Amino acid sequence: MKTRLRVLRAEREWSQAELAMHVGVSRACINAIETGRYDPSLPLAFKIARVFGKNVEEVFLYQDAAYASPSGAQT
């Protein structure tokens, strides 16, 4: 799952640790989400989106590899 977390954090000039503090997780958790090693739970995804005043779909960009063509376009 791709995310816009890095961009949204940069807009607020927040570190990963600052975002982690706002949503109640570790900095390592935020890092894992940003690098695609961890998909957040639904409650955490909503909490992160709420912190930025966004909808979940504006923060987390779901791409199902089974349905994406090699160019990245949906088939």
- Note on the structure: If we keep only residues of the range 52-61 that are open to solvent by less than 90 Å² (accessible area, probe 1.4 Å) and part of a helix (DSSP H, G or I), then the residue nearest to Leu19 (Cα to Cα) is Phe52
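Rundown of residues vs (1) assigned to a helix (DSSP H, G or I); (2) modelled with pLDDT of 95 or more; (3) open to solvent by less than 70 Å² (accessible area, probe 1.4 Å), yes/no style:
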{"residue": "Glu18", "(1), (2), (3)": "yes, yes, no"}
{"residue": "Met21", "(1), (2), (3)": "yes, yes, no"}
{"residue": "Val25", "(1), (2), (3)": "no, yes, yes"}
{"residue": "Ala32", "(1), (2), (3)": "yes, yes, yes"}
{"residue": "Arg50", "(1), (2), (3)": "yes, yes, no"}
{"residue": "Ala66", "(1), (2), (3)": "no, no, no"}
- Collect the residues in the range 1-16 that are at pLDDT 95 or above and among the polar types (S, T, N, Q), keeping them in residue-number order. Ser15, Gln16
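The values are calculated or read from the model by the stated rules, or taken from the named source; none is laboratory data. Treat the numbers as computed from the prediction; the structure is a model and nothing was measured. Quick note on the areas: whole protein, heavy atoms, side chains included, nothing else; ligands and nucleic acids left out. Shrake-Rupley method; radii C 1.70, N 1.55, O 1.52, S 1.80 Å.
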